[in-house]
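To keep things clear, I will list the structure first and then write my remarks on it.
The values are calculated or read from the model by the stated rules, or taken from the named source; none is laboratory data. All values derive from a computational prediction rather than experimental measurement. All Cβ positions, glycine included, derive from the backbone under ideal geometry; neighbour counts span all protein chains shown.
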Amino acid sequence: MDAIDRTAAVGGSRVDAVRGRILSFTRRPEGPGDHAGLLHIQDGAVRIVDGRIAAVGEASTILPTLPPGAVIDHHPDAIVTAGFIDTHIHFPQTQVIASYGTQLLDWLERYTFVEEQRFADAGHAARTARFFLDELLRNGTTTAVVYGSVHPGSADALFAEAERRGAGMIAGKVMMDRHAPDALRDRADTAYADSKALIERWHGRGRQRYAVTPRFAITSTEAQLEAAGALLREHPGVHMQTHLSENPDEIATVRRLFPDDASYTAVYDRFGLLGPRSLFGHCIHLDEAEMRLLSESGSVASLCPTSNLFMGSGLFDLERLEDPARPVRTALATDVGGGTSYSMLRTAAEAYKVIQLRGRNLPALRALHWLTLGNAEALGLADEIGSLAPGRYADLVVLDARATPAMAHRMETIGDRLEDELFVLLTLGDDRAVAATYLQGTRAHSRGG
Ligand code: GUN
Ligand code: ZN
């Protein structure tokens, strides 16, 4: 990977340091009160050189090291942390979000497969890519793992816009060669060739990375799943993303289409699609053997709570997935447009409720870790993003726990209790709580303009 994407400064203004309350993780908190893996500096600063974090520490130590005329953004009452990471989102569904009245298979047919056809038009894809990146940045998300439409041009549009802004995206064109409208079907051979060309064009160019993207087992023939496996074998650094075990009708359909496989997960396993760079959205209704397959292969299960509640899909079982006897790696994601918010804060709030309905809690520290370092680890990118440490990209988000009257009112009772403040942010926060977002040390969003 290149050190810095030279286009990072386009549009924004570059800063030499960001000052505020520094918050970052070095490891996952085991529960409430576990601060051993937490860096928290009340008046701290992040020094930025060439788009990367050069130093993090007390403002009184960092600021004197800056050159004369250095640009410092000071956010006195706000938390400065690593930019959020969304591990599963659909860029062609920005105008599918909030579609009424259906569950997964009907929703795909009635809304999603109609909308995704518009991405044959390069102009529509480019316009949507601009909106999509604006919206991610307004919500403090600096890296996302993104599904395109079946059209290779959709992935080109997204990568080009991300590159222009200096953001690092992991994305791929959807592969789907059956059970979809004619206009949205590729073939095993064209999906292979188009994906390969996109990998050659984009994977490792600046910050961009490719994800081989078979939509799910229902919309790919065996030949196409085989082609997806071949792409992964031939390009070892790329990711893989797909959907798994989201909805009972979906699971029954997979059983019918693949009667000789032991399970939905076993289908993907047969084609070599499991592994440490493989991301499976939803993973709600898995049996024990499927969880073992995911665990042994190092695959990642992404919880998409706003989507799972909105579509009535079911409740992710975090405790069971993380059973120490065969732990499955987990991540958190919006799944827009099945999901109902671009905000990872809102997503964490809904994750808390899903986990409550399973009889457990999601501590605030664990949730904030998940949005940052936890998701970076799930992507194998913790040495680049997800924390405030020297050498990482200076992708930052600035959070304001008093962003709305209701938040400010609640905060009156909290004083300096950090975990309670974070819980307010995570439960009541959304784009209004994002005071600023930086990509490679360039201001990419600033609340109020
Ligand atoms: N399964 C297959 N395609 C999709 C999709 O676009 N969204 C969701 N939530 N599930 C899917
Ligand atoms: Zn999805």
So residue 252 clears everything in (1) in a helix (DSSP H, G or I); (2) within 25 Å of the chain's Cα centre (by Cα); (3) within 16 Å of ligand 1 (Cβ to nearest atom) except one condition, right? Which one? (2)
Kindly indicate whether residue 272 is in a loop (DSSP other than H, G, I, E, B), more than 16 Å from ligand 2 (Cβ to nearest atom) and in contact (Cβ under 8 Å) with a residue 40 or more places away in the chain. yes
How about segment 119-130: which of its residues are in a helix (DSSP H, G or I) and either surrounded by 18 or more Cβ atoms within 10 Å (Cβ to Cβ) or without any contact (Cβ under 8 Å) to a residue 60 or more places away in the chain (or both)? 119, 122, 123, 124, 125, 126, 127, 128, 129, 130
Cβ pairs under 8 Å, 6+ apart, first in segment 298-327 and at positive phi, second within 16 Å of ligand 2 (Cβ to nearest atom): 312/103; 314/246; 314/247; 314/284; 314/285; 314/308
Being part of a helix (DSSP H, G or I) and buried (at least 24 other Cβ atoms within 10 Å of the Cβ) narrows it down to one residue among 116, 161, 109; which is it? 116
Scanning for something more than 27 Å from residue 25 (Cβ to Cβ) and either within 16 Å of ligand 2 (Cβ to nearest atom) or part of a strand (DSSP E or B) (or both), does segment 72-79 turn up at least one residue? no
Name every residue in segment 226-283 that is out of contact with any strand residue (DSSP E or B) (no Cβ under 9 Å at 6 or more places or on another chain) and acidic (Asp, Glu), in order of residue number. 226, 234, 249, 260, 261, 269
Among the residues of segment 343-381, which ones are out of contact with any Pro (no Cβ under 6 Å at 6 or more places or on another chain), β-branched (Val, Ile, Thr) and under 15 Å from residue 321 (Cα atoms)? 355
For segment 94-103, check the following and say yes or no: at least one residue is among the aromatic types (Phe, Trp, Tyr), within 16 Å of ligand 2 (Cβ to nearest atom) and assigned by TED's automatic domain parsing to the domain that holds residue 308. no
When residues of segment 151-180 are filtered for being without any contact (Cβ under 8 Å) to a residue 60 or more places away in the chain and not basic (Lys, Arg), how many remain? 16
May I ask you to list the residues in segment 376-419 that are under 18 Å from the mean Cα position of the chain (by Cα) and at positive phi? 380, 386
Residue 168 vs. criteria away from ligand 2 (no atom under 15 Å from the Cβ), at positive phi and crowded, with 22+ Cβ neighbours inside 10 Å: no
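Hey, which of the helices (runs of 4 or more DSSP H) in segment 331-432, taking only ones fully inside, have at least 3 residues that are of a type in the set (Phe, Trp, Tyr), within 16 Å of ligand 1 (Cβ to nearest atom) and in contact with a His (Cβ under 6 Å, 6 or more places away or on another chain)? Reasoning before the result, please.
Working: elements: 344-357, 364-369, 375-378, 405-411, 418-428.
Output list is empty.
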May I ask you to say which residue of 25, 91, 113 is touching a residue at least 12 places away in the same chain (Cβ under 8 Å) and assigned by TED's automatic domain parsing to the domain that holds residue 424? 25
Residue 325 vs. criteria assigned to a loop (DSSP other than H, G, I, E, B) and out of contact with any strand residue (DSSP E or B) (no Cβ under 9 Å at 6 or more places or on another chain): yes
Please find, within segment 207-217, the residue that is farthest from ligand 2 (Cβ to nearest atom) out of those that are within 20 Å of the chain's Cα centre (by Cα) and over 13 Å from residue 170 (Cβ atoms). 214
